[in-house]
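Have a look at the structure below, then the notes.
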Amino acid sequence: MIFLEPRITLLSRPSFTEPGHLPVAWLGESTDGERLAEFAGRLCYMSQKNPASRATRDYLENIKKQGHGSVLEHANYSLLLEGVSRSLTHELVRHRAGFGFSQLSQRYVDESEANFVMPPAIIGDEVLTAAWQAQVESAQKSYVALVDQLMQRYAWVGDKVHRRKMAREAARGVLPNSTETKIVVTANARAWRTMLELRSSEGAEFEIRRCAIAMLRLLQGEAPGFFSDFEVYQAVDRAEAARISYHKV
Ligand SMILES: Cc1cc2nc3c(=O)[nH]c(=O)nc-3n(C[C@H](O)[C@H](O)[C@H](O)COP(=O)(O)OP(=O)(O)OC[C@H]3O[C@@H](n4cnc5c(N)ncnc54)[C@H](O)[C@@H]3O)c2cc1C
């Protein structure tokens with residue numbers, strides 16, 4: 001199977017339980033994650049009575065404007081990414097602060113029938129598609145042959161799970177960057193903002209940029225108070241990019 005776009009699934013969102021002894025005078029529409037961040041921000045000044053009469057999303061707008069982004073760190077969101085390439089995840093996992101990752105292991109999982117992700121710049125061009133496809137199919141054949149030969153070479157290793165791992169970890173060296181992978185990504189809202197700002201910008205590589213825009217849209221739907229200042233636009237290279245009002249809160 002060849003993926004032409006990522007598949008993104010929300011796995012978890014914050015659940016906020018308001019302490020009965022510190023109730024906040026909430027205003028406006030909001031989600032648990034947004035209320036959790038507002039609660040944390042108001043605790044700093046014990047302003048639960050909401051003296052400025054701000055709705056939660058206006059309160060969070062002011063938090064971003066003031067650069068008080070640490071309160072956003074309480075709200076974590078987990079996404080499952082599928083239909084993304086190993087080259088995309090190689091870039092994604094460079095984001096350290098506030099992130100957690102769990103990725104499909106090419107040492108344990110057989111890649112004989114792996115899927116591939118077509119680089120966006122190739123999609124729609126028949127000649128480029130044929131050349132790319134021939135390469136990935138040939139690489140996959142080499143992988144299958146290598147696993148077979150390595151299993152024979154290490155036949156003396158009694159533990160079959162270990163032997164398979166030895167074969168797959170060596171054979172995967174011939175698999176291309178376009179090999180599809182799956183990854184669970186958890187981050188707090190502040191960390192998501194920093195990563196999305198970098199990876200949805202015009203300077204980002206096309207595939208991760210497309211994925212960042214898709215993740216941004218999902219998270220904007222989840223919690224507008226955290227992500228509404230991102231604006232998606234059509235860049236001069238005819239792909240979507242996003243710009244942000246509040247840089248690195
Ligand atoms: C367009 C683009 C091109 C790139 N090209 C390359 C490339 O050619 N080669 C390459 O190697 N990488 C490249 N990168 C990756 C880049 O160098 C970063 O590793 C990546 O963007 C993660 O950024 P970060 O460190 O700010 O993020 P995070 O690790 O999520 O950190 C977030 C922020 O926390 C703070 N922080 C985190 N860790 C520390 C620390 N140890 N000390 C002090 N402050 C810290 C910093 O303020 C940092 O910005 C590229 C990234 C982009 C977006």
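The values are calculated or read from the model by the stated rules, or taken from the named source; none is laboratory data. Everything numeric in this text was worked out from a predicted model, so none of it was measured. Heads up, the Cβs are rebuilt from the backbone with ideal geometry, glycines too, and the neighbour counts pull from every protein chain shown.
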Can you give me the number of residues within the stretch 197-226 that are crowded, with 22+ Cβ neighbours inside 10 Å and small (Gly, Ala, Ser)? 4
On the basis of being assigned to a helix (DSSP H, G or I) and away from the ligand (no atom under 16 Å from the Cβ), does Arg172 make the cut? yes
Enumerate the helices (runs of 4 or more DSSP H) found wholly within the stretch 179-249, keeping only those where 2 or more residues are within 14 Å of the ligand (Cβ to nearest atom). 189-199, 206-222
Any residue in the stretch 3-16 that is surrounded by fewer than 15 Cβ atoms within 10 Å (Cβ to Cβ) sitting within a Cβ distance under 8 Å of a residue that is at pLDDT 95 or above and among the small types (Gly, Ala, Ser)? List the pairs, counting only those 6 or more apart or interchain. Arg7/Gly83; Leu10/Ser78; Leu11/Ser78; Ser12/Ser78
Of residues in the stretch 237-249 being aliphatic (A, V, I, L, M) and farther than 29 Å from Phe116 by Cβ, the one surrounded by the fewest Cβ atoms within 10 Å (Cβ to Cβ): Ile244
Would it be correct to say that Ser87 is within 18 Å of Leu4 (Cβ to Cβ) and not aliphatic (A, V, I, L, M)? yes
Does the stretch 41-63 include one or more residues that are part of a loop (DSSP other than H, G, I, E, B), touching a helix residue (DSSP H, G or I) at 6+ places or on another chain (Cβ under 6 Å) and at pLDDT 95 or above? yes
Residue, nearest to Val161 (Cα to Cα), within the stretch 93-110, restricted to residues that are of a type outside the set (Asp, Glu), more than 16 Å from the ligand (Cβ to nearest atom) and touching a residue at least 12 places away in the same chain (Cβ under 8 Å): Tyr108
Within the stretch 129-183, which residues are β-branched (Val, Ile, Thr) and in contact (Cβ under 8 Å) with a residue 60 or more places away in the chain? Thr179, Thr181, Ile183
